[in-house]
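Trainee: Below are the structure tokens for one structure; questions will follow.
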Amino acid sequence: MARNAPNITRRGMLRATAAAGISLVALDAMAGCANGPQNEVASDPVVVDSDSATSVLEGFVEVDNRLEPTNTWTLPLGSVLFPAEGRLRPVLGFGDISGQMCKASVLSLDTGTLTDLLTEPLTTEPNWVIYDVRCSDSVLSWTELNMLTRNWRLYAQRLRDAALEGTAALLWEGDADFEPPAVACAGERVIWQVMPSLLGTKTTEHSFCYLWHLGDEKAVATVESPGRFAIAPTVSSGTVTLAPRVRADEGVYYGITAYDLADDMKTVVDQLVMPKSVRPFHASRIGDDFVFSVEANYGSGGLLGNMGTYVGTGDGPFTSVPLEPLAGACGTTKGTLVVKVRASYFVIDINEMRFSVLLAQDRSLDYGEYPASEGEVSTLVTYTTVKNRETGYPSAVTVRTFDL
């Protein structure tokens, strides 16, 4: 079968064939960058006691769930959906042909149509697979990985009406010393992080976040972190949220930071610095608040050193869901927040101080449904693997949408 977009443009690519090349290009691009931590005064760490939060479990009233699915679709077994900002969701699915493990597709939230875009990687050498995929309504970005060497390549291509247009652009490539990139798409932008692998030989290298526009001849390095970022980039409310290392001369601090997408991340909209050594699990921006989570109890750092999901800013106060977070939260500026807990969701009305429980689809696996929505949204999208009613074996993936 012929590959989509067989011609790869090398205009606009930041190429590195070895770890040294990646570091050199990134550091040259960072020269004079106002967003680098070396030019940015970080906020003070937020260390507050439990009285600074209203717990949903203790201070809110549970009511009957009134959230019903707007749409329900069935996708092939093995389909994995990812969050996106628009009316398309990127889908990584099982490959259709021998020797290809995965394919990249998009699901339309308007029609429920699943469209295959890449059925095999652009890289024709052996052992390469499509490893990850992200999209907006205007651009598709995907990572290809060599399963033996762990070398990887990041590509992007224009999307129009859920179809690829033009030629693919190679944005970056790296080897096993650097992790495959964490990627997000916003409009015609692709945003990604390049970080040293914990198992490689470059563990002391700095990490960088890059931004590229469709059609541009080069990417721009926007944020430098003296160590690994804590979370993947999250697009929401006209911002992208990252968690670079900050206050590096004082210890291990992560700064949950929202950058303005209108000026390509030149402006910091808000920042919340976590207590010392406390690593956020996920973070995004809904309205004027951060929604972030911590997946472990650290035994220090006050309130934010405890496992749970939090809504608030550096000034507080906070609303908290003191349960183990299993995915990123989403919600609306009208006060609705959706948090995944175990096999169900808490649907929280912050203004009215009440919550309901949204149960998983019948016959779903034990871990329930996972969200393909994060940050500020008007539609909650979930997906789950369901079992065949007669055999009890996993048979398909069910996607549901809910209007918030």
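Trainee: Checking Glu62 against (1) in contact (Cβ under 8 Å) with a residue 12 or more places away in the chain; (2) within 30 Å of Ala258 (Cβ to Cβ), which single condition isn't satisfied?
Mentor: Going through (1) in contact (Cβ under 8 Å) with a residue 12 or more places away in the chain; (2) within 30 Å of Ala258 (Cβ to Cβ) one by one, Glu62 breaks only (2).
Trainee: When you scan the stretch 223-269, how many residues do you find that are aliphatic (A, V, I, L, M), open to solvent by 20 Å² or more (accessible area, probe 1.4 Å) and not in a strand (DSSP E or B)?
Mentor: Residues in the stretch 223-269 being aliphatic (A, V, I, L, M), open to solvent by 20 Å² or more (accessible area, probe 1.4 Å) and not in a strand (DSSP E or B): 4 in total.
Trainee: Let me ask something else. Any chance the stretch 152-173 includes a residue that's buried (at least 22 other Cβ atoms within 10 Å of the Cβ), farther than 23 Å from Glu85 by Cα and touching an Asp or Glu at 6+ places or on another chain (Cβ under 7 Å)?
Mentor: Scanning the stretch 152-173, I find at least one residue that is buried (at least 22 other Cβ atoms within 10 Å of the Cβ), farther than 23 Å from Glu85 by Cα and touching an Asp or Glu at 6+ places or on another chain (Cβ under 7 Å), so the answer is yes.
Trainee: Being of a type outside the set (D, E, K, R) and open to solvent by 40 Å² or more (accessible area, probe 1.4 Å) narrows it down to one of Thr379, Thr384, Thr332, Thr391, so name that one.
Mentor: Thr391
Trainee: Then there is this: State which residue is farthest from Ser236 (Cα to Cα) when the search covers only the stretch 180-210 and only residues that are of a type in the set (Val, Ile, Thr) and open to solvent by 20 Å² or more (accessible area, probe 1.4 Å).
Mentor: Going through the qualifying residues, I end up with Thr201.
Trainee: Pick out the one residue from Leu303, Leu326, Leu337 that is within 18 Å of Phe281 (Cβ to Cβ), of a type in the set (A, V, I, L, M) and in a strand (DSSP E or B). Write out each step before concluding.
Mentor: Values: Leu303 fails: in a strand (DSSP E or B); Leu326 fails: in a strand (DSSP E or B).
Selected residue: Leu337, the only one of Leu303, Leu326, Leu337 that is within 18 Å of Phe281 (Cβ to Cβ), of a type in the set (A, V, I, L, M) and in a strand (DSSP E or B).
Trainee: Taking Ser395 as meeting all but one of (1) under 21 Å from the mean Cα position of the chain (by Cα); (2) part of a strand (DSSP E or B), write down the number of the exception.
Mentor: Just one mismatch for Ser395, condition (1).
Trainee: Follow-up question, since we're still on this one. Of the numbered conditions (1) surrounded by fewer than 24 Cβ atoms within 10 Å (Cβ to Cβ); (2) in contact with a strand residue (DSSP E or B) (Cβ under 9 Å, 6 or more places away or on another chain), Glu217 satisfies every one except a single condition; which is it?
Mentor: With respect to (1) surrounded by fewer than 24 Cβ atoms within 10 Å (Cβ to Cβ); (2) in contact with a strand residue (DSSP E or B) (Cβ under 9 Å, 6 or more places away or on another chain), Glu217 is out only on (2).
Trainee: Conditions: (1) touching a residue at least 24 places away in the same chain (Cβ under 8 Å); (2) closer than 30 Å to Thr124 by Cα; (3) in contact with a strand residue (DSSP E or B) (Cβ under 6 Å, 6 or more places away or on another chain). Thr113 meets all but one. Number of the miss?
Mentor: It is condition (3) that Thr113 fails.
Trainee: Give Asp116, Asp110, Asp177 a once-over and let me know the one that is open to solvent by 60 Å² or more (accessible area, probe 1.4 Å) and farther than 24 Å from Gly375 by Cα. Let's see the steps before the verdict.
Mentor: Working: Asp110 fails: farther than 24 Å from Gly375 by Cα; Asp177 fails: open to solvent by 60 Å² or more (accessible area, probe 1.4 Å).
Asp116 is the lone residue from the list that is open to solvent by 60 Å² or more (accessible area, probe 1.4 Å) and farther than 24 Å from Gly375 by Cα.
Trainee: Can I ask one more? From Thr149, Thr167, Thr143, grab the single residue that is in a strand (DSSP E or B) and more than 21 Å from the chain's Cα centre (by Cα).
Mentor: Every option except Thr167 fails the conditions.
Trainee: Take the residues of the stretch 125-140 that are without any contact (Cβ under 8 Å) to a residue 40 or more places away in the chain and in a loop (DSSP other than H, G, I, E, B): which is surrounded by the most Cβ atoms within 10 Å (Cβ to Cβ)?
Mentor: Among residues in the stretch 125-140 that are without any contact (Cβ under 8 Å) to a residue 40 or more places away in the chain and in a loop (DSSP other than H, G, I, E, B), the one surrounded by the most Cβ atoms within 10 Å (Cβ to Cβ) is Asn127.
Trainee: Turning to a different aspect of this structure: Go through Leu164, Leu171, Leu199, Leu214 for me and flag whichever is without any contact (Cβ under 8 Å) to a residue 24 or more places away in the chain and hydrophobic (A, V, I, L, M, F, W, C).
Mentor: Within the list Leu164, Leu171, Leu199, Leu214, the selection yields Leu199.
Okay, residues lined up against (1) among the charged types (D, E, K, R); (2) within 23 Å of Val183 (Cα to Cα):
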position: Ala243; (1), (2): no, yes
position: Tyr254; (1), (2): no, yes
position: Asp263; (1), (2): yes, yes
position: Val268; (1), (2): no, yes
position: Val273; (1), (2): no, yes
position: Gly302; (1), (2): no, no
position: Gly316; (1), (2): no, no
position: Gly328; (1), (2): no, yes
position: Phe355; (1), (2): no, no
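Trainee: If you don't mind, there's one more thing I want to ask. Taking the stretch 270-316 as the search range and keeping residues that are open to solvent by less than 30 Å² (accessible area, probe 1.4 Å) and aromatic (Phe, Trp, Tyr), which one is nearest to the chain's Cα centre (by Cα)?
Mentor: The extreme case among them is Phe292.
Trainee: With the requirement that a residue be open to solvent by less than 20 Å² (accessible area, probe 1.4 Å) and either among the small types (Gly, Ala, Ser) or in a loop (DSSP other than H, G, I, E, B) (or both), what does the stretch 345-363 give you?
Mentor: Selection gives Ser356 alone.
Trainee: Of the conditions (1) over 15 Å from Glu68 (Cβ atoms); (2) in contact (Cβ under 8 Å) with a residue 40 or more places away in the chain, Asp366 satisfies every one except a single condition; which number is it?
Mentor: With (1) over 15 Å from Glu68 (Cβ atoms); (2) in contact (Cβ under 8 Å) with a residue 40 or more places away in the chain applied to Asp366, the lone miss is (2).
Trainee: Next question, about the same structure. Restricting to the stretch 236-293, what's the tally of residues that are acidic (Asp, Glu) and in contact (Cβ under 8 Å) with a residue 60 or more places away in the chain? Steps first, please.
Mentor: At the first step, the residues of the stretch 236-293 found to be acidic (Asp, Glu) are 249-250, 260, 263-264, 270, 288-289.
In the following step, the residues that additionally are in contact (Cβ under 8 Å) with a residue 60 or more places away in the chain were identified as 264.
Number satisfying all stated conditions: 1.
The values are calculated or read from the model by the stated rules, or taken from the named source; none is laboratory data. Predicted model only: the values in this text are computed from it and were never measured. Methodologically, a virtual Cβ is constructed for each residue, glycine included, from the backbone with ideal geometry; neighbour enumeration extends over all protein chains shown. The accessibility values were calculated without ligands, DNA or RNA, using every heavy atom of the protein model including side chains. Shrake-Rupley method; radii C 1.70, N 1.55, O 1.52, S 1.80 Å.
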